[in-house]
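Here is the structure we will look at.
Just so it is clear, none of the values below were taken in a lab; they were calculated from the coordinates. Quantities reported herein were computed from a predicted structural model and do not represent experimental measurements. With ideal geometry, Cβ positions are generated from the backbone for all residues, glycine too; neighbour counts draw on all protein chains shown.
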Amino acid sequence: MSGVNLTIDGIPVTVPKGTKILDAAKKANVFIPTLCDRSDLNKRALCRICVVECDGGSKLIAACANDVWEGVNVVTNNHRILEARRTILELILANHPQDCLTCIKNKKCTLQSLAESFAIRSVPFERTSTENHQQIIEGGAIVRDMSKCIKCMCCVEACQVVQAIGAINTSGRSQDFEICTAYGQALEKGNCAFCGQCVKVCPVGAIYENDQTAEVWKALGESKRHVIAHVSPALTSALNDEFGFDADTITTGKMIAAIKLLGFKEVFNFDAAAKATRAERIDELQDRIKSGGKLPLISGCSAGVINFIKNFFPDFIENLSTTENPRQRFSDMVKSIYAAAADTDEDNVTTVSFAPCLSQKYGYENENDFALTEGELARMIKLAGIDIANLQEEPFDIIELPKHGGAKDADTTAPMIVYGYAQARKTLEDVRSGGCSAKWIEILTCPICEASCSNYNLAHEHGSST
């Protein structure tokens, strides 16, 4: 591919043909602010914060959506450009609540950071009321607060294009344009699989995880209640990121020690339970092969996979594994085993699963079972004043789980791993057409599964990916 020569703020740069101005600026170490740009999403140029001047032209253009061309002189920083960006920010803020201190994205909000960078202390435009929007908890996992939506379309892109679900859409035009769900219904009543990708890409506090730490704190404060946790050692990676530490600062032992200091009676290794669940599924697969049952066996890392199959592939409902997803299965197993050992009723036991993926929060039907993300765990540790980086390490508690055969024949027991629902859709359509002969398909919710996720590690240990 031929190179294109240009200058950005006087700095000569050569980039491949087809490179966006924003990406060329990054190569030159020139910062251009953005609100709606993400490398994993299509370029829609909606926020216009990234406007630049090219060859002294009268029209400012969006750096995120326009390709470079030979010899162009790009200016990213002058009075005209800064005033245009400031005005855009002020217009957005005029339609945005001013409750930053109590917002879950406080200090992690892109809009807040930009307002600080531009030293915006007041908004000259008449403020628009946002009181007609309310916070809506969806599936116990996601909260939507559309009063904070800046209409960047990132969540729509993630839902419709990246995951091919289409639970989030748009309606109206001009000042009536809004991000919405089909017919304004709850996500649970639509196609949503609660993958959490919309939460990942939202730059503000319009869509976020349902924080359940208050319920867990309440359970920890009940003297007769046994609160136990299960967590994967892989969570330390996400936890270090959450605290802003170097990669090896928080070890597995320090994480266990911190969880116990919060008041949890026992902390178990989730990886052992995940392997036990996988063994159950292997047994189920072998039974289906022997008895001529429905193949391929379809399983997943979260309860949202069931929603996905029911909504898009109802002809594969009988192919779904009868074994729950690993975290919910472990909550059931450990609760009964622990209750018996502690000589208490199961109703007195609360299980908390710590996971790096929001999708794990969906589907918990028992009011005494919770799944918390690394963000929620970090907030609990900070609130308790625990210096996790300097704790003495502690080991996992031991629990004996039911034994299963878990046949070792890789030809018949290794699942085909698919990442994200767009890839799952393609794979299942191949099964329908006869182009895929896999006996077992394991659907991982995220299109890019993080190494901090135990499901990722198990997938690479036992399965082949597409």
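Below are the figures for this structure:
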| read-out | value |
| --- | --- |
| Of the criteria (1) surrounded by fewer than 22 Cβ atoms within 10 Å (Cβ to Cβ); (2) under 20 Å from Gly420 (Cβ atoms), which one Lys151 fails | (2) |
| Positions within the stretch 66-114 being loosely packed, with under 13 Cβ neighbours inside 10 Å, acidic (Asp, Glu) and within 18 Å of Cys50 (Cβ to Cβ), in sequence order | Glu83 |
| Single residue of Ala186, Ala206 found to be under 30 Å from Tyr419 (Cα atoms) and crowded, with 23+ Cβ neighbours inside 10 Å | Ala206 |
| Single unsatisfied condition, Phe330 versus (1) in a helix (DSSP H, G or I); (2) in contact with a His (Cβ under 9 Å, 6 or more places away or on another chain); (3) over 19 Å from Val305 (Cα atoms); (4) among the hydrophobic types (A, V, I, L, M, F, W, C) | (3) |
| Condition broken by Ser299, with the remaining ones in (1) in contact with a strand residue (DSSP E or B) (Cβ under 9 Å, 6 or more places away or on another chain); (2) assigned to a helix (DSSP H, G or I) satisfied | (2) |
| Filtered residue count, the stretch 304-327, keeping only those that are buried (at least 23 other Cβ atoms within 10 Å of the Cβ) and within 20 Å of Asp369 (Cα to Cα) | 5 |
| Any hit, the stretch 339-351, residues being in contact (Cβ under 8 Å) with a residue 60 or more places away in the chain, in a helix (DSSP H, G or I), surrounded by fewer than 19 Cβ atoms within 10 Å (Cβ to Cβ) and not hydrophobic (A, V, I, L, M, F, W, C) | yes |
| Contacts under 6 angstrom Cβ, first residue in the stretch 1-18 being in contact (Cβ under 8 Å) with a residue 40 or more places away in the chain, partner aromatic (Phe, Trp, Tyr), 6 or more apart | none |
